[in-house]
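Below is one structure, written out as structure tokens; the observations come after it.
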Amino acid sequence: MIEASNAVEMTGIKKSFGGLHVLRGVDFAVKQGTVHALMGENGAGKSTLLKILQGILTPTEGSITVFGRQMNSFSAATSRASGIGMIFQELSLIPSLTVAQNIFLAREPRKFGLLVDDRTAWDRSRVIMSELGMDVDPATPVQKLSTGQMQMVEIAKAISQDARILILDEPTSALTGVEVERLFSLLKRLSADGVAIVYVSHRMDEIFEIAEEVTILRDGRNVATAPLRHLEIQDVVEHMIGKRVGSFSWRPRSVDRTRSPALEVQSVSGPNKPINASFEVHSGEVLGIAGLLGSGRSELARVMFGIDAMTSGEIRVKGQAVRIRSPREAMEAGIALIPESRAREGLIAAHSIRTNLSLPRLGDLTRGPFLDGTKEAASATGLIQRLRIKATSSSVPVRTLSGGNQQKVVLGKWLAMNPEILILDEPTAGIDIGSKTEIVDLIRELADEGRAIIIISSELAELLAVSDRVLIMSDGSIAREVSREEISVAAGEPNVSADEGVQIAKAEHNLQVLIQEVRLNAPAY
Amino acid sequence: GPSTAADVAAALKEIEEHPASGPHGEKPVLASDLGLTTEEIAKIKSMNATAAIVMHYTASDWAKAQMAGQKAALDMLGIKIIAVTDAGYKAEQQVSDIETVMARKPNVMISVPAEQNGTAAAYKRAAASGIKIVFLDQTGAGMSPGTEYVSLVSSDNRGMGKAAALLMAQALNGKGNIGLIPHASDLFATVERVMGFKEAIKAYPDIKIVAEQGVGGPDFSGESERIASGMLTAHPELNGIWAVWDVPTEGVLAAARTSGRGPKDLVITTCDLGVNIAIDMAKNGYVKGTGSQRPYGAGYAEGILAGYALLGKSAPPYVVLPALAVTKQNLIAGWPLSNGTPPPQVVTDALK
Amino acid sequence: MLRRTDGSGTAATQQGPLAITRGGSIVSDWRQYVVYIGFALIFVIFAITLSDRGFLSANNLLNIARQTAIIAIMAMAMTFVLCAGEIDLSVGAIAGLASVTSGLALSRYGLAPAIAAGLCTGLLVGAVNGSLTAWIGIPSFLVTLGMMGFARGLGMWMSGTSPVPVIDDTFIAVFGSGNIGPVPILVLWVVILGALAHTALRKTPFGRKILATGGGETAARYSGIKTRTVKFQALLLTATAASVAGMLYAGRLHSGRFQLGEGDELSVIAAVVLGGTSLFGGAGTVIGSIVGALLIGVINNGLILLGLDFSQQLMARGVLIVLAVALGRSQRA
Amino acid sequence: MLRRTDGSGTAATQQGPLAITRGGSIVSDWRQYVVYIGFALIFVIFAITLSDRGFLSANNLLNIARQTAIIAIMAMAMTFVLCAGEIDLSVGAIAGLASVTSGLALSRYGLAPAIAAGLCTGLLVGAVNGSLTAWIGIPSFLVTLGMMGFARGLGMWMSGTSPVPVIDDTFIAVFGSGNIGPVPILVLWVVILGALAHTALRKTPFGRKILATGGGETAARYSGIKTRTVKFQALLLTATAASVAGMLYAGRLHSGRFQLGEGDELSVIAAVVLGGTSLFGGAGTVIGSIVGALLIGVINNGLILLGLDFSQQLMARGVLIVLAVALGRSQRA
Ligand SMILES: Nc1ncnc2c1ncn2[C@@H]1O[C@H](COP(=O)(O)OP(=O)(O)OP(=O)(O)O)[C@@H](O)[C@H]1O
Ligand SMILES: Nc1ncnc2c1ncn2[C@@H]1O[C@H](COP(=O)(O)OP(=O)(O)OP(=O)(O)O)[C@@H](O)[C@H]1O
Ligand SMILES: [Mg+2]
Ligand SMILES: [Mg+2]
């Protein structure tokens, strides 16, 4: 077999922010026509390395060659011109512009050479998006989209550039199986056409499905580069974090459903979605919610947390009807929501980790009328350790953290509240495999302590690993409820010999099928 | 220069009786020489005429007294005021005020131009549409009396400056170092005051102007307070300060009070007669005198001239209100001459 | 100068229980129409109450248009600056300065040099504003506040505080005082510049870059937009528009003077914000800004025709501005 | 769940010369110190050049402090409003109005009613500003612009355009004109209110909520903060501070007058922005705002002592404001 030539060669890349050495001499090469995975735990420097390649950051040292040509100046424009396209982990969309305007930002189709041709942009966006299986009017302002939809637009934006080197930094953290499949078939086609693809994800199954080679970063260096077919998940994980951790496990839990439920949702509708949703959650139970992109999972959570208005229905907490018209009221009723969009809903990017962590519970951190700085700092340090947030101190702005570490701050903010009822919307998006399994354990511990937990996740393996019961949403309605037993029974063979990983994978497949089924059976409006 | 009290009084009387001539050398006619007969008044009343008041600025004691005078005269003549505008000293605003007011087709327009050049074209358009214009203080540039406007009414600003200088010299016994705070703008009225002040103070060789810094606004009292504080800091030898009208003088007063100097060490004179400086004067404070206008009388004269215009009676092109030197001694008598009202109680109280 | 690095519509005003999720989005929705409804309502109210006072006369309507024109021209350019997430407080002072420079050049060297002098004033000042903001990184609020004082002082110093008479008939006709048929040239200026500005903001890559820079500076940079250059250009644009405004003032008032345009910065920004542009960048329309300027003009005109005292005019104007927005909003809900 | 502590460096500031978003997000870092360095530099320059003109005399320094005090007090409150992502243009007009209401109440009913009248003016106006902004959702720029006109007009109407003499000795001493030992009471006001405001912003949940609301309104609301209430409170605070400022003006000038404070809104916002507060909310310090006000005061004072023309003062002031920031920045790099 002829060795494909390298599309990108980065050698001896060093990068530091102030005194913090993030990259300490990384060598990284990607061959044409391959999908190359870049792995590493949260804060390992993946995004930093890729932003250097994209010309957004300037390396402290090192050289970069693209298609054999040395890059001398670093700017987003030069990188674009040399055929590099990138999907950013933190997204590069302008909320006030429409989908089509975003997709073609800074390279709009022209009319008369001078004017932008929004019509053509609209048409071409439509094509790209239907290819991705996305059904959104390209004239919609991006700020009206859900997080997952924004991620799809970001993908469309990168793909439409016809890049010869395509960088995808966690493109799928809010996407469900169907969209991921679509993306993958597209990527496979592109790589067959000779496009070099760099793929970053913390979903291990995706890596093994799409990538041919992997480079692993650790402590600012590349510790391994190898074809993936020679590796097991556990090997990769060990390279990443220095130890072998189990992947998702599936331990049955027993839930006492005899007492009255902690939370009852009765025929609740929102302004748009959800539609007539009813369900209940018991203390000590973990309820999962599955569904396709835009099925209204997040909107259901928002209604329960008092952000979207509840247009009809009733919510009861411990048997008592409660009025929830604002997050404050929801919190007073013992409900907490870990929101889906960390940038917009979860964090104040310019503020420090500490102030972000204490925001929902300022009242608990006071002495007299004043904030108790010692108590606040101690609490922050505790959370940073507990969640293993990688940061130099608790006073750095969260915007300087890596994506996964930012997500951990969002988690920490709400875990410290110790709410009776905890709703988690995509809680582990962007979090590395090691921490993810720990967080799954943590959620189950919280349930064991008697809390009622609702978890929304697009990563079905995770959803199954943590939930006792799963609701499937479609077009804003709760279309189906399945218990874990049902899913595993549907898997056909009772689990005797298979290990937990295999079991989860099977169940995941079944759930996937169910979600599709529900969608197809949905009544036409 | 005149040094004894009697000499000063004589000089002030001279100023009052011989006001300076108009900006284009027009012969000054005293406002008190204007008059309408009973028949003329009746005739004007029967016309049901309307008037618009287009001011450069309405928010001062001076403007208030003047507008009171206008209203008194216009009411007496049965002329209805249908619009009042305030340009906030801005020429461009005044141009649009004039245009807007024209939509109501008033018979007369009484106006203080915020600025001469910028507004002239608009005034000419108003005149061409048949509106009779009576000006105060200055005219639109290049306009001719009789045809384009009825008459220009003005205070004898130069005389006011002179009066303030004489009062300053008297309080200083003809000797000392003084600072001036003029208006940092080329408004005809305020420029005249400075010229008058300097002209009169020249007669006193022992009085030296050691500092001069203009105040630009819009916060005239705050700014002149900073300027006066600065002058007192940079020139510890200062014995007197003159400011161009009463509002900046209030700032000078605040600076004087915090400077640690008493009213014996620092003399302030100014032009115009506002409540606050009257109170200070009454209380034997820093203000030793002012060369006041007679805004009420000016307003009244404008109203009468509006009557002239409606009748087609020939009006003198330049009508002047003489300067009025006011000190503590003649405060009670001088107030109504200036403002058309009895002195407010706070002032009479302060005199006790 | 922009703090907002992500898409969060944080600074936007929110209303209604739906506001949170939609963040900034709903704002730009309602804002886009408020000014039109508000304008229509205020206009109708005046048309009815002032029908006997000449409000609806052709002359008065043209007056309103004329009086509003210069503010409208600055407001168009200001739309770009605010959309880019910056601000320009120096427009009024630049207009004053340009009226002086072009006036002086006119009296000494003639028509073409006068126009050149006026435009160069704007370009130079704009380049300074833009460089200090974009390349040195000083917040545009401070840069243009400093420039406001500087330009005003310079104009005062150059003219020795006196007005500079403008007596060239062509200059006067072209800038501000002429008519073509019944239409004041000032109105033509607004229509032509307005069409250009509208097209530039809506339909050109430049406008797109402006909106992107203000809508999310980091994302714009990630997308390959040179956000500093964009900010530089925006500030260059306002200054140039302000210098045109200065020449229009000079033509309209037949004189150049450093005080011309004093306080205009606030009226201009008010017109733009009334027109639905966000002070925080990312969204706005040129037409809205023009209508915003007209709304202010109509209010000023109507209150004078009503014959109110100045103090009452001040109070009523304050109430009407707020009311126009409130009415405009409620009509849409 | 222990973190291994080897590997990645620990002693590091987060900000390097190349930080991703140079123009944008780094801003809040450097801004914090700029005003102090800028202030120190300008002060030293004047101390040297003006040494023979009494710049350093105790009296002159106290004058600067006194002249700055009223702006500083409004700037403290404005810090909260800007931090919350809103703006208040009505402060100057409220100060003027409060000087009139308290002056009128003083002459008619005495000291305590005068203070009550002044404070109530601020509370009422602030409640209107706050409600319209927070609950009706009209941008605070427009609300407070409208209020600026309304309050000014109301003050004019109430006082009949005349100044209201203030002759109560206690009032005059407490508000603005008295001294305690060598220290002007005005300076004490600044110190006490400054300490309170600083503590409130830095050390109380209220301050946190202000910063969070301005830093990311959506995230703040998701954290259970009632962002509307917070904005309401912020606007109530500025209006109240402005009414105190109005009483200080009245005490200092021995008269209440509706024009007092005219144009202050710009000086106040300039002081706050100079002090490092972002116009876009989320970051700021009270001390910085006070030093910003002092910086402006020192510049004004120095230029007057230099004996410059008004036009030269205007130019120099513009240059110095920009220069202070530029110098302050370069010193830190
Ligand atoms: N602008 C910045 N200033 C300071 N530190 C930064 C900055 N950007 C990134 N870092 C630091 O660099 C390190 C690497 O971050 P990076 O985003 O590259 O991690 P990552 O591998 O992409 O992690 P994740 O999987 O969580 O996305 C982190 O410790 C982060 O805190
Ligand atoms: N911030 C928002 N503003 C307006 N509409 C929104 C917003 N977020 C979501 N929507 C709309 O609500 C619909 C459902 O979104 P929701 O976020 O509830 O879906 P989801 O099932 O959680 O999907 P996703 O995985 O994309 O988050 C979307 O189609 C979107 O159009
Ligand atoms: Mg990353
Ligand atoms: Mg979702």
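Structure notes:
- One residue stands out among those in region B:251-289 that are closer than 26 Å to B:Ile53 by Cβ and either of a type outside the set (A, V, I, L, M) or in a loop (DSSP other than H, G, I, E, B) (or both): the one that is nearest to the other protein chains (Cβ to nearest Cβ), which is B:Asn276.
For (1) over 26 Å from A:Glu212 (Cα atoms); (2) touching a residue at least 40 places away in the same chain (Cβ under 8 Å); (3) within 16 Å of ligand 2 (Cβ to nearest atom), each residue gets a yes or a no:
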position	(1), (2), (3)
A:Thr140	yes, yes, yes
A:Ser146	yes, yes, yes
A:Ile155	no, yes, yes
A:Ala158	no, yes, no
A:Thr176	no, yes, yes
A:Leu186	no, yes, no
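- Residue pairs whose Cβ atoms lie under 9 Å apart, separated by 6 or more positions or on different chains, with the first residue in region B:48-67 and more than 10 Å from every other protein chain (Cβ to nearest Cβ) and the second surrounded by 21 or more Cβ atoms within 10 Å (Cβ to Cβ) and among the acidic types (Asp, Glu), are B:His56/B:Asp86; B:His56/B:Glu115; B:His56/B:Asp137; B:Gln66/B:Glu302.
- Which numbered condition D:Arg317 misses (of (1) surrounded by 24 or more Cβ atoms within 10 Å (Cβ to Cβ); (2) under 30 Å from C:Gly160 (Cβ atoms); (3) within 13 Å of chain C (Cβ to nearest Cβ)): (1)
- Conditions (1) surrounded by fewer than 17 Cβ atoms within 10 Å (Cβ to Cβ); (2) modelled with pLDDT under 95; (3) away from chain C (no Cβ under 14 Å); number of the one not met by D:Ala195: (2)
- Enumeration of residues in region A:92-106 that are at the interface with chain C (Cβ under 7 Å from one of its Cβ atoms) and of a type outside the set (Gly, Ala, Ser): A:Leu93, A:Ile94, A:Pro95, A:Leu97, A:Gln101, A:Leu105
- Only a single criterion out of (1) in a loop (DSSP other than H, G, I, E, B); (2) out of contact with any Pro (no Cβ under 7 Å at 6 or more places or on another chain); (3) over 27 Å from A:Lys436 (Cβ atoms); (4) among the acidic types (Asp, Glu) is not satisfied by A:Glu90, namely (3).
- If you go through region B:182-232 and keep only what is under 18 Å from the mean Cα position of the chain (by Cα) and hydroxyl-bearing (Ser, Thr, Tyr), you end up with B:Ser185, B:Thr190, B:Ser221.
- Test: residue in region A:231-246 that is touching a residue at least 40 places away in the same chain (Cβ under 8 Å), polar (S, T, N, Q) and either away from ligand 4 (no atom under 16 Å from the Cβ) or out of contact with any Lys or Arg (no Cβ under 6 Å at 6 or more places or on another chain) (or both): no
- Criterion: over 23 Å from C:Gly85 (Cα atoms) and more than 9 Å from every other protein chain (Cβ to nearest Cβ) - qualifying residue of D:Gly297, D:Gly328, D:Gly276: D:Gly328
- Candidates are the residues of region A:9-65 that are part of a helix (DSSP H, G or I) and within 11 Å of chain D (Cβ to nearest Cβ); the one that is nearest to ligand 2 (Cβ to nearest atom) is A:Ser47.
- Check on C:Arg108, in a helix (DSSP H, G or I), charged (D, E, K, R) and closer than 24 Å to C:Ile192 by Cβ: no
- Count of residues meeting criterion [farther than 16 Å from C:Arg221 by Cα, modelled with pLDDT under 90 and in contact with a helix residue (DSSP H, G or I) (Cβ under 8 Å, 6 or more places away or on another chain)] in region A:54-100: 1
- Considering region B:297-352, the residues that are touching a strand residue (DSSP E or B) at 6+ places or on another chain (Cβ under 6 Å) and of a type outside the set (A, V, I, L, M) include one that is nearest to B:Leu136 (Cα to Cα), namely B:Glu302.
- Among all positions in region A:346-364, there is at least one residue which is closer than 26 Å to A:His21 by Cα, more than 16 Å from ligand 4 (Cβ to nearest atom), in contact (Cβ under 8 Å) with a residue 40 or more places away in the chain and of a type in the set (Ser, Thr, Tyr).
- Number of positions in region B:76-128 that are of a type in the set (S, T, N, Q), within 10 Å of chain C (Cβ to nearest Cβ) and out of contact with any Asp or Glu (no Cβ under 8 Å at 6 or more places or on another chain): 6
- The residues of region A:422-470 that are within 20 Å of A:Phe305 (Cβ to Cβ), within 14 Å of ligand 4 (Cβ to nearest atom) and assigned to a loop (DSSP other than H, G, I, E, B), listed by number, are A:Glu426, A:Pro427, A:Thr428, A:Ala429, A:Ser457, A:Ser458.
- Restricting region A:308-362 to residues that are within 11 Å of chain C (Cβ to nearest Cβ) and more than 28 Å from A:Leu383 (Cβ to Cβ) leaves a set whose member that is nearest to ligand 1 (Cβ to nearest atom) is A:Asp308.
- Single residue of region A:386-414 satisfying the filter (of a type in the set (A, V, I, L, M) and over 15 Å from D:Tyr222 (Cβ atoms)) that is nearest to ligand 1 (Cβ to nearest atom): A:Leu401
- Any hit, region A:241-255, residues being at pLDDT below 90, part of a helix (DSSP H, G or I) and either within 16 Å of ligand 1 (Cβ to nearest atom) or within 14 Å of another protein chain (Cβ to nearest Cβ) (or both): yes
- Scanning region D:153-185 for residues being touching a Ser or Thr at 6+ places or on another chain (Cβ under 6 Å) and part of a helix (DSSP H, G or I) gives a total of 3.
- Number of positions in region C:149-160 that are more than 7 Å from chain D (Cβ to nearest Cβ) and either more than 11 Å from C:Gln259 (Cα to Cα) or over 20 Å from the mean Cα position of the chain (by Cα) (or both): 4
- D:Ala212 part of a helix (DSSP H, G or I), of a type in the set (Gly, Ala, Ser) and within 14 Å of chain C (Cβ to nearest Cβ): yes
- Under the condition of being buried (at least 24 other Cβ atoms within 10 Å of the Cβ) and under 20 Å from D:Trp157 (Cβ atoms), the residues counted in region D:260-292 number 2.
The values are calculated or read from the model by the stated rules, or taken from the named source; none is laboratory data. Please read these numbers as outputs of a predicted model, since none were measured by experiment. We place every Cβ from the backbone using ideal geometry, glycine too, and count neighbours over all the protein chains shown.
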